[in-house]
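The values are calculated or read from the model by the stated rules, or taken from the named source; none is laboratory data. Note that this is a predicted model, so its numbers are computed, not measured. Here the Cβ is made from the backbone with ideal geometry for all residues, glycine too, and neighbour counts use every protein chain on show.
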Amino acid sequence: MMEKRFEINKMGEESGFRKNPFTIPDGYFDTLKESVANKIAYKERFSLWEIIKPQLALISTFAAIFLFGYIAISIVGSKMWGERRDSESGTQLLSQELIEAREFFLEPRTIDFLNEEQFSVSEGEQAPTLEELIAYVEDNFDLVTLSSVEFK
Amino acid sequence: MDDKELLKLYKENNHYGFNLLVDKYSERLYWHIRRMVLSHEETNDILQNSLIKVWKSLSKFRGESNLYTWLYRIATNETLTFLNKKKRASFFSLSDNSRAIEEAVASDPYFEGSEIERRLREAILKLPERQRAVFTMRYFEELKYNEISEILGTTVGSLKASYHHAFKKIEQELKESI
């Protein structure tokens, strides 16, 4: 008898093994639909985006504050630093311009060019007057540049 | 109402169509899940989660498989995920797993089976999750191997082997426990 009961191959309908030994709470399937509908509504309301949104807003606010702060500090800082640098090393900037002017004018080729080409007068052309030359130099060269030029 | 008509109604009115689907399939899905997890509360959670997933993806269902196969697949995957999580949690628990299973079956207020039925359910609970799914679908629900294959995405040969192993384990368990 026992042997027969535990022969799983024979555990068909007659054994009662396939019969359902479980029960469910009364009216369970009547309320299931409503429970699922409520859960769906809740999930749709509090979807991932809805959860992330306030956190994202907070992060964006902090990022904006940081950015504005950084820009403000950069502007004010560079202004102060620039003023300090101008007053402390104004001569440094001036000397840089002088070096460039010197490089241009004192370069032998440049002087030769100025001597030979720009100020040479071909036949038939009228030589510029002294006033015209002064006016040209005044218009085209600043005082600093001129003071650094040494004509040989 | 057949599935084609149900899906047509769903396309016309999502909520109405989905409610019809819940009416038609929730009980079958409930018992499908219950046989694998036993507890009503856990079955209820898994079923509701499965139905929510169905709601989310029903619009993408193209009808390439039977609607009930598709629903079974969702419910089975949800159940297997749940069982795996539970297994991981019990791995870190100090209590003895076999004893926990016995207590779970004994304390279930919605179980009205005889002593031998209780032993059978305990033996099923001790099976690895996938074997348990194969065994319940084949033995209790009497699904064909090709239907189970569609649900689990496993070959028929592998399913037959799983069922055979599950069968032998349960047989052995029952012989030892009495």
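A:D30 is checked against (1) at pLDDT 80 or above; (2) surrounded by 10 or more Cβ atoms within 10 Å (Cβ to Cβ) and fails just one. What number does that condition carry?
(2)
Would you pick out the residues in the stretch B:130-161 that are under 11 Å from the mean Cα position of the chain (by Cα) and among the charged types (D, E, K, R)?
Passing the criteria: B:R130, B:R132, B:E141.
Looking at (1) in a helix (DSSP H, G or I); (2) farther than 22 Å from A:K19 by Cα, find the lone condition where B:R138 falls short.
(2)
With (1) away from chain A (no Cβ under 12 Å); (2) among the hydrophobic types (A, V, I, L, M, F, W, C); (3) surrounded by 15 or more Cβ atoms within 10 Å (Cβ to Cβ); (4) over 18 Å from B:A133 (Cα atoms) as the list, and B:M1 as the residue in question, which single condition is left unmet?
For B:M1, the failing item is (3).
Suppose we filter the stretch B:141-178 for residues that are within 22 Å of B:R119 (Cβ to Cβ) and in a helix (DSSP H, G or I); how many remain?
Selection size over the stretch B:141-178: 16.
Within the stretch B:8-27, track down each residue that is more than 12 Å from chain A (Cβ to nearest Cβ) and crowded, with 17+ Cβ neighbours inside 10 Å.
B:L9, B:Y10, B:G17
Report whether or not B:K168 is within 10 Å of chain A (Cβ to nearest Cβ), without any contact (Cβ under 8 Å) to a residue 24 or more places away in the chain and not hydrophobic (A, V, I, L, M, F, W, C).
It is true that B:K168 is within 10 Å of chain A (Cβ to nearest Cβ), without any contact (Cβ under 8 Å) to a residue 24 or more places away in the chain and not hydrophobic (A, V, I, L, M, F, W, C).
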